[in-house]
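One structure below.
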Amino acid sequence: MGQISSQGARMTSPVCVIVVGAGSRGENYSNYGSIHPERMKVVGVADPRKFARTKIQQQHKIVDENLFDDWLSMLEREKFADAVLICTPDRLHKEPAVAFAKKGYHVLLEKPMATTADDCREIVEACSQSGVMLSVGHVLRYDPVIHKIKELIDAGVIGDVIHIQHFEPVGFYHFAHSFVRGNWRNEDESCFALLAKSCHDIDLIHHWAGGRRCVKVSSFGCLSHFRKENKPAGAADRCLDCAIEKDCPYSACKIYLDRVKQGHTGWPVSVICPSSFPDIESVTKALKTGPYGRCVYECDNDVCSNQVVNMEFEGGLTAAFSMVAFTEELCKRKTTISGSKGELSYDGHQIRVFDFLTQKSTKHTAHSNIPGKYGMSGHGSADYHLIDAFISAVANNDPSLIRSGPEETLRSHLLVFEAERSRLENRVVSCGDPSQN
């Protein structure tokens, strides 16, 4: 008898997947196969780093002939899986996504879809023409509590949605790790911060707007504080050599070395040792020679640390989004949605609805029963539910199980590009106006 997934769909045999990009996201999604071998089997991996692909191989007992140091070599083979998990760096999303779709693989693509609007369109077109499913890694769509917000809106508990206020606190050391020292620090090497970090959030606002098109957008933002002119007197170029490191909240010693000394080897420590398991010796070496040991005031970072986006949707619905690096909490979004009949607020943990008629508040939450051993990386249970939905969709040939499908995801990505255009050109942008493209 077939297995039943948490989506309630029947599965008769494991979905075979290949992993392109064996970094933290690729490893995270592939862990689903270790927990549910009856649902998903990882049968191949491509990554230029031997340590990364060997780690995936050992976890999933992949045969040697299905190990590849680049995805092009994998593509030369006859199709040998049902789906591909594409978790390459942002600028390397489009080509494998298009190529594997044309080969007939269903595609789970880590967000953002791509780093240009045209590339996003090409991915969606390739999947549509090839008749394959596309799921984009907008994991927040799958967070049970955030999904509950959409259900409450659709049920009419706050009436017509009038205004959406949404805040993303990135977290002071998370920003230093990922956007000052790390992979998303430099726009030419990756992409702009609103796309890399906050396409999740613009997508949620677009989703909550309920199909209404955004007609106008404006945005302001800049890189604050993490600049060479703010380097304290007496600071060294590397934290390990710095005499005033103890007084710096962004010290690499505090973010990485102190953590590994306490036995913490997960994110963000795991990221800085791409060729070995993190321990005191390997982390110290990484801080001495690698990018994560640099002073935050001596990096080649140029992406925004704080940005606001204002949107007007059809029917007069307005929305305001803020992203800030300098916060205590990491990525615990906070939302207030004002409706004609009530107000919904979300504090990152639970939902509260105030009814204007009764003047009473009701609290809502949603439970998520996931395996405790599933490795998650800052998104609560959402990662698990995303990969579970994708595997169920492929197994049952049912794209309706995917909440972050191609067309709506493309529209929210295009809104992100329009918002950034507004910031760069210092003007209000009319969305979808051909005369302004």
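Filter the range 132-145 for residues that are out of contact with any Lys or Arg (no Cβ under 8 Å at 6 or more places or on another chain) and assigned to a strand (DSSP E or B); which is surrounded by the fewest Cβ atoms within 10 Å (Cβ to Cβ)? Restricting to residues being out of contact with any Lys or Arg (no Cβ under 8 Å at 6 or more places or on another chain) and assigned to a strand (DSSP E or B), the top hit is Leu134. Among residues of the range 247-273 that are not assigned by the TED database to the domain that holds Gly26 and among the aromatic types (Phe, Trp, Tyr), those with a Cβ under 7 angstrom from a residue that is part of a helix (DSSP H, G or I) and open to solvent by less than 60 Å² (accessible area, probe 1.4 Å), sequence gap 6+ or separate chain, pair up as Tyr250/Tyr173; Tyr250/Ala176; Tyr256/Val269; Tyr256/Ile272; Tyr256/Val283; Tyr256/Leu287; Tyr256/Tyr292.
Only a single item in (1) open to solvent by 40 Å² or more (accessible area, probe 1.4 Å); (2) over 19 Å from the mean Cα position of the chain (by Cα); (3) over 22 Å from Val271 (Cα atoms); (4) among the basic types (Lys, Arg) is not met by Arg39, and it is number (1).
Looking only at residues of the range 146-156 that are touching a residue at least 40 places away in the same chain (Cβ under 8 Å) and among the charged types (D, E, K, R), we find that the one that is least open to solvent (accessible area, probe 1.4 Å) is Lys150. Name the residue that is nearest to Arg421 (Cα to Cα), counting only residues in the range 104-131 that are among the β-branched types (Val, Ile, Thr) and crowded, with 19+ Cβ neighbours inside 10 Å. Step by step, filter the range 104-131, then rank; the result is Thr115. A single entry from Asp201, Asp237, Asp241 fulfils the requirement of being outside the structural domain of His349 (by the TED database) and either at pLDDT below 95 or in contact with a strand residue (DSSP E or B) (Cβ under 9 Å, 6 or more places away or on another chain) (or both): Asp237. Exactly one residue out of Thr335, Thr362 is part of a strand (DSSP E or B), buried (at least 19 other Cβ atoms within 10 Å of the Cβ) and modelled with pLDDT of 90 or more: that is Thr335. The set of residues from the range 55-89 being under 24 Å from the mean Cα position of the chain (by Cα), charged (D, E, K, R) and either assigned to a loop (DSSP other than H, G, I, E, B) or farther than 26 Å from Phe277 by Cβ (or both) comprises Asp70, Asp82. Checking the stated criteria, His177 turns out to be within 25 Å of Glu328 (Cβ to Cβ) and in contact (Cβ under 8 Å) with a residue 60 or more places away in the chain. What is the residue count in the range 248-263 for residues that are open to solvent by 50 Å² or more (accessible area, probe 1.4 Å) and under 19 Å from Phe175 (Cβ atoms)? So the answer is 4.
For the range 309-332, which positions are open to solvent by less than 40 Å² (accessible area, probe 1.4 Å) and in a loop (DSSP other than H, G, I, E, B)? Of everything in the range 309-332, those that are open to solvent by less than 40 Å² (accessible area, probe 1.4 Å) and in a loop (DSSP other than H, G, I, E, B) turn out to be Leu317, Ala325, Thr327, Cys331.
Of all the criteria given as (1) touching a residue at least 12 places away in the same chain (Cβ under 8 Å); (2) assigned to a loop (DSSP other than H, G, I, E, B); (3) open to solvent by 20 Å² or more (accessible area, probe 1.4 Å), the one not satisfied by Val296 is (3). Restricted to the range 193-240, and to residues there that are of a type in the set (Gly, Ala, Ser) and crowded, with 17+ Cβ neighbours inside 10 Å, the residue that is farthest from Glu312 (Cα to Cα) is Ala235.
The values are calculated or read from the model by the stated rules, or taken from the named source; none is laboratory data. What you see is a predicted model; the values in this text were computed from it and never measured. Note that each Cβ is placed from the backbone with ideal geometry, even for glycine, and that neighbours are counted across all protein chains shown. Ligands, DNA and RNA are excluded from the accessible area calculation, which covers all protein heavy atoms including side chains. Shrake-Rupley method; radii C 1.70, N 1.55, O 1.52, S 1.80 Å.
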